[in-house]
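Here's the structure we're looking at; comments come further down.
The values are calculated or read from the model by the stated rules, or taken from the named source; none is laboratory data. All values derive from a computational prediction rather than experimental measurement. Here the Cβ positions follow ideal geometry from the backbone for every residue, glycine too, while neighbour counts run over all protein chains shown.
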Amino acid sequence: MTGLSDAFNRPINYLRISVTDRCNLRCTYCLPAEGTRLLPHSEILTYEEIATIARLAAELGINKLRLTGGEPLVRAKLTELVAMLAEISTIDDISLTTNGILLKDYASELAQAGLKRVNISLDSLRRDKFERITRHRKLSEVLQGIEAAKACGLSPVKINMVVMRGINDDELVDFANLTIAEGWHVRFIELMPFATENPPEGHSTGGKTNLHPQFMPAQEITRHLSGLGTLEPCLPIAGNGPAKYFRFPHATGTIGFITPVSQHFCFNCNRLRLTAEGRLRPCLLSDEEVDLRQPLRDGAPPQELKQAITEAIRRKPGKHHLSEGATTQKRHMSQVGG
Ligand code: SAM
C-alpha cells in the first residue's frame, strides 16, 4: 500500500516521466504540422535530475514509473536512464510508451537495463493512412518494433490506437482481429480535445472547446466490433491503468477501452506526471503545475523537494472537465507527456 494519497483519498503510486518534448512523428491530433517551440537542452532535466526526483518520489510511495514524451526513444542513451531507475529498489514496474519506430534498435538493451514492458502507439495498419495521420512514412519500422519488443520479452506489448471518426474507424475490425489471430493486446483510446495555439481543424481554442469532430465514444467503437462475436470482460493483462478489458472467445489477446471523454476514470486516478522541463503535473487535463527543476538546481534539500511533490499531489483536482467543454490551454500532449 502506498504512503501517498491525495485530497480525495486516492492512492498515488504512479509517476509518468516525459524525457523529451521532441518527437519523430507529428500526429495530426497531437502536434501541428510545424511551428512548435522546442525546449533547449539546458531546460530539459538531465537523467541524474530525473533519477533524483524518481528516488524521492519512490521514498514517498511511488512504485511504478513510465517513460514517455514526446518520443522517449529519440533522446540519446535512454537505456542509461532505465538502468538508473531500475536501481531504485522499491520501484517494481518500469514501462515505456513509444511510437515504436526506434524500438527495433533499442528493445534488447532496454530490456536488459530493467525495462519491463512497452505500450506502442499505432493508429493505422495501412501505409497511406499511417502517413496521413503521422505525417511520416514509418509503418514498417513500427511493425518491426512490435516484433522486437515481443522477442525481447517486453511483454505484454500493448498497442494503443486513438480512434478517429472518418479517419481510422474503418480499421477497428482489423485491429480487433489481431487480438484473435496474433494475440495482440489492443487498446482503443477516445480522442481528447486539446486546446493549443495551433489546434487541429474544427477545433476551438481558449480552454473551452467542444468535442473533437473526429471523436468516437467507446460505446460506438464496440458496436463496430459486434460482427466478430461477443466481447467478454476480462482482467487487465498487466498494470492497473484506466482501461477496461475484454476478449473475444478463443482470443489470446485482449481489447481495452480507454474512455477519458465518455466515461472519465478520475475517481481511480493514481498518477502524477513529470514534464521534460521538470514540472510536476497533477492532472493531464489541467494546467496546474509545480516546478521541481529550479529548487533542484538551486540545491534544495531532499525534504524540500519531497514537500513540492506532496504539494503537487495535494493540488490534484477531483476530476477533469472535458465533458463540460474545458480542456488544457497551454500545452500539446507531446509537451505534457501523454
Ligand atoms: N511518442 C510516444 C507515443 O507515440 O506513444 C509517447 C507520447 S504520445 C503523446 C502518448 C500517447 O498519447 C499516444 O498513444 C498518443 O496517441 C496519445 N495522444 C496524443 N494526443 C492525443 C489526443 N488528443 N487524444 C487521445 N490520445 C492522444
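Conditions (1) out of contact with any His (no Cβ under 8 Å at 6 or more places or on another chain); (2) within 16 Å of the ligand (Cβ to nearest atom); (3) more than 30 Å from residue 179 (Cα to Cα), marked per residue:
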| residue | (1), (2), (3) |
| --- | --- |
| 238 | yes, no, no |
| 243 | yes, yes, no |
| 250 | yes, no, no |
| 278 | yes, no, yes |
| 281 | yes, yes, yes |
| 322 | no, yes, yes |
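State all residues of the stretch 222-260 that are out of contact with any helix residue (DSSP H, G or I) (no Cβ under 7 Å at 6 or more places or on another chain) and of a type in the set (Phe, Trp, Tyr); if no residue qualifies, say none. Matches in the stretch 222-260: 245, 246.
Any idea which of 22, 66 is surrounded by 15 or more Cβ atoms within 10 Å (Cβ to Cβ) and under 30 Å from residue 166 (Cβ atoms)?
Just one listed residue meets the conditions, 22.
Please verify whether residue 140 is touching a Leu at 6+ places or on another chain (Cβ under 9 Å), among the polar types (S, T, N, Q) and either in contact (Cβ under 8 Å) with a residue 60 or more places away in the chain or more than 19 Å from residue 237 (Cβ to Cβ) (or both), treating the condition exactly as stated. No: the conditions fail for residue 140.
Within the stretch 58-80, residues that are closer than 12 Å to residue 273 by Cβ and assigned to a loop (DSSP other than H, G, I, E, B) have Cβ atoms under 9 Å from residues that are more than 9 Å from the ligand (Cβ to nearest atom) and of a type in the set (Lys, Arg) in these pairs: 69/22; 69/75, counting only partners at least 6 apart in sequence or on another chain. Any residue that is modelled with pLDDT of 95 or more, more than 26 Å from residue 144 (Cβ to Cβ) and of a type in the set (S, T, N, Q) - is there at least one of those in the stretch 74-82? There is no residue in the stretch 74-82 that is modelled with pLDDT of 95 or more, more than 26 Å from residue 144 (Cβ to Cβ) and of a type in the set (S, T, N, Q).
Given the structure, is residue 292 free of Cβ contacts under 8 Å to residues at least 40 places away in the same chain, closer than 20 Å to residue 69 by Cβ and not charged (D, E, K, R)? Break it down stepwise before answering.
Details: free of Cβ contacts under 8 Å to residues at least 40 places away in the same chain: no; closer than 20 Å to residue 69 by Cβ: yes; not charged (D, E, K, R): yes.
Taking the combined requirement at face value, the residue does not satisfy it.
For the stretch 54-63, the criterion of a residue being surrounded by 24 or more Cβ atoms within 10 Å (Cβ to Cβ) and within 19 Å of residue 241 (Cβ to Cβ) is satisfied by at least one position.
Of the residues making up the stretch 263-279, one or more are farther than 19 Å from residue 240 by Cβ, surrounded by fewer than 19 Cβ atoms within 10 Å (Cβ to Cβ), in contact with a helix residue (DSSP H, G or I) (Cβ under 8 Å, 6 or more places away or on another chain) and modelled with pLDDT of 95 or more.
For the stretch 147-166, the criterion of a residue being within 15 Å of the ligand (Cβ to nearest atom) and either charged (D, E, K, R) or without any contact (Cβ under 8 Å) to a residue 24 or more places away in the chain (or both) is satisfied by at least one position.
Return the pair list, or none, for Cβ contacts closer than 7 Å from residues in the stretch 27-39 that are more than 13 Å from the ligand (Cβ to nearest atom) and in a loop (DSSP other than H, G, I, E, B) to residues that are modelled with pLDDT of 85 or more and of a type outside the set (Gly, Ala, Ser), at least 6 apart or on different chains. Correct list of pairs: 33/26; 33/135; 38/21; 38/22; 39/21; 39/277.
Scanning the stretch 99-146 for residues that are among the charged types (D, E, K, R), away from the ligand (no atom under 12 Å from the Cβ) and either in a helix (DSSP H, G or I) or within 19 Å of the chain's Cα centre (by Cα) (or both) yields 104, 105, 109, 116, 117, 127, 128, 129, 131, 132, 141. Filtering the stretch 49-80 to residues that are under 25 Å from residue 305 (Cα atoms) and of a type in the set (Asp, Glu) leaves 49, 59, 80.
Any residue in the stretch 5-15 that is in contact with a helix residue (DSSP H, G or I) (Cβ under 6 Å, 6 or more places away or on another chain), within 16 Å of the ligand (Cβ to nearest atom), in a strand (DSSP E or B) and modelled with pLDDT of 95 or more? Checked the stretch 5-15: at least one residue is in contact with a helix residue (DSSP H, G or I) (Cβ under 6 Å, 6 or more places away or on another chain), within 16 Å of the ligand (Cβ to nearest atom), in a strand (DSSP E or B) and modelled with pLDDT of 95 or more. Of all residues in the stretch 169-197, those that are within 12 Å of the ligand (Cβ to nearest atom) and either closer than 16 Å to residue 214 by Cβ or modelled with pLDDT under 95 (or both) total 9.
Sub-8 Å Cβ pairs linking a first residue in the stretch 87-99 that is under 21 Å from residue 59 (Cβ atoms) and of a type in the set (Ser, Thr, Tyr) to a second residue that is at pLDDT 95 or above and within 16 Å of the ligand (Cβ to nearest atom), at least 6 apart or interchain, are 95/65; 95/66; 95/67; 95/115; 95/117; 95/118; 95/119, ordered by first then second residue. Being among the polar types (S, T, N, Q), surrounded by fewer than 23 Cβ atoms within 10 Å (Cβ to Cβ) and under 15 Å from the mean Cα position of the chain (by Cα), is that true of even one residue in the stretch 156-163? Yes, there is a match, as at least one residue in the stretch 156-163 is among the polar types (S, T, N, Q), surrounded by fewer than 23 Cβ atoms within 10 Å (Cβ to Cβ) and under 15 Å from the mean Cα position of the chain (by Cα).
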